[in-house]
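One structure below.
The values are calculated or read from the model by the stated rules, or taken from the named source; none is laboratory data. Keep in mind that what you see is a predicted model, and the values were worked out from it rather than measured. Neighbour counts run over all protein chains shown; Cβ positions are idealised from the backbone, glycine included. Accessible surface is based on the protein model in full, side chains and every heavy atom, while ligands, DNA and RNA are left aside. Shrake-Rupley method; radii C 1.70, N 1.55, O 1.52, S 1.80 Å.
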Amino acid sequence: MILVTGANGNLGSATLAALHARDVVATGGSRKPGEGMRRLDFDDPAGLDLAGVSTLVLISAGYAEDDQVVGRHAAVLEAAVRDGVHHVVYTSLTSAGDHLGFALAHRATERLVRTSGLPWTILRNGLYAELFGGLLIWADSGVESPFGDGALAAVPREDLADAAAIVAANPTRHSGRVYDLVGTPITAGQVADRLGVPYGAISLVEYRRRLLDETPGLLPFQPPMLASIATGIRHGFLDGTTTDLPDLLDRPVRDPLATAVAAASATRTEANV
């Protein structure tokens, strides 16, 4: 049986749905499990139960400081070894993201996966097209962003879920492989053009000021994380492409620009509610 962690999250739920669409026997794990899911709380190592799981799709448990993320991943990998899991598929971060503020937790987890003694596959996921669109800032004059004219090889989340399902359904074929799953480069200006509004770039200094002074609810690690994404895109470090994703999907990737436009439109709608 395949088990997908973080099954209530966006990528986990989409991966589970992609497996079910292929008539693959799979279940989800979550801290707050839904019907038919297993309870998996990475912060409760003694309670982790992976008995009967053949392939574990480990969706990165981000949204925390690096030591917490790595500790959570270590706990579930230890449980996987103990309970006889046959293969681990880990959703990591694109190779181009090594300089990003949240890369260390991914690379440390990759090391844990490689040294666990279990067969493994690592999916180095590019940044979501949904994230790119969602980070654009609506202003009276149109759309603003700190990305300048830089491009991101953005990828729709659904394509990454399909890729994870393909690997998990036939893990032996992909054992020991590292896939760099990125999409087609898009810019904030292109999103604005598709939306039919003007685009204006703001400085990184202004962006960080807004994150710190005008964005309530951010956790302490999030402003530097978001600023690292902005400067990486702005200075051209995240626009490289590979053929890994279309080759793995055996089809063209979905249009990341359309996905980013939809995400940006949604944030405008939410702001006006």
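Some notes on this structure:
- Flag if R107 is part of a helix (DSSP H, G or I), free of Cβ contacts under 8 Å to residues at least 24 places away in the same chain and closer than 19 Å to F221 by Cβ: yes
- Taking each residue of the range 243-262 that is at pLDDT 95 or above and looking for partners that are part of a loop (DSSP other than H, G, I, E, B) with beta-carbon atoms closer than 6 Å, six or more apart or interchain, yields L245/V253; P246/P252; P246/V253; V253/G183; R254/P156; P256/P156; P256/G183; T259/P156.
- Any hit, the range 28-40, residues being among the polar types (S, T, N, Q), surrounded by fewer than 17 Cβ atoms within 10 Å (Cβ to Cβ) and out of contact with any His (no Cβ under 7 Å at 6 or more places or on another chain): no
- Restricting P171, P156 to residues that are more than 25 Å from T259 (Cβ to Cβ) and surrounded by 20 or more Cβ atoms within 10 Å (Cβ to Cβ) narrows the list to P171.
- The set of residues from the range 33-54 being among the charged types (D, E, K, R), assigned to a loop (DSSP other than H, G, I, E, B) and more than 20 Å from the chain's Cα centre (by Cα) comprises E35, D43, D44, D49.
- Residue list for the range 42-79, filter: surrounded by 16 or more Cβ atoms within 10 Å (Cβ to Cβ), under 27 Å from L226 (Cβ atoms) and hydroxyl-bearing (S, T, Y): S60
- Residue list for the range 11-27, filter: within 10 Å of A169 (Cβ to Cβ) and open to solvent by less than 50 Å² (accessible area, probe 1.4 Å): A18, L19, V24, A26
- Residues of the range 193-234 that are at pLDDT 95 or above and aromatic (F, W, Y): Y199, Y207.
- Hits in the range 80-104 - residues which are farther than 16 Å from L181 by Cα, out of contact with any helix residue (DSSP H, G or I) (no Cβ under 7 Å at 6 or more places or on another chain) and either in a helix (DSSP H, G or I) or among the acidic types (D, E) (or both): A80, V81, R82, D83
- Matching residues, the range 216-267, being open to solvent by 50 Å² or more (accessible area, probe 1.4 Å), under 28 Å from D162 (Cβ atoms) and either over 19 Å from the mean Cα position of the chain (by Cα) or of a type in the set (K, R) (or both): D247, D250, R251, P252, R254
- Qualifying residue in the range 208-215 (condition: within 18 Å of E130 (Cα to Cα) and buried (at least 16 other Cβ atoms within 10 Å of the Cβ)): no
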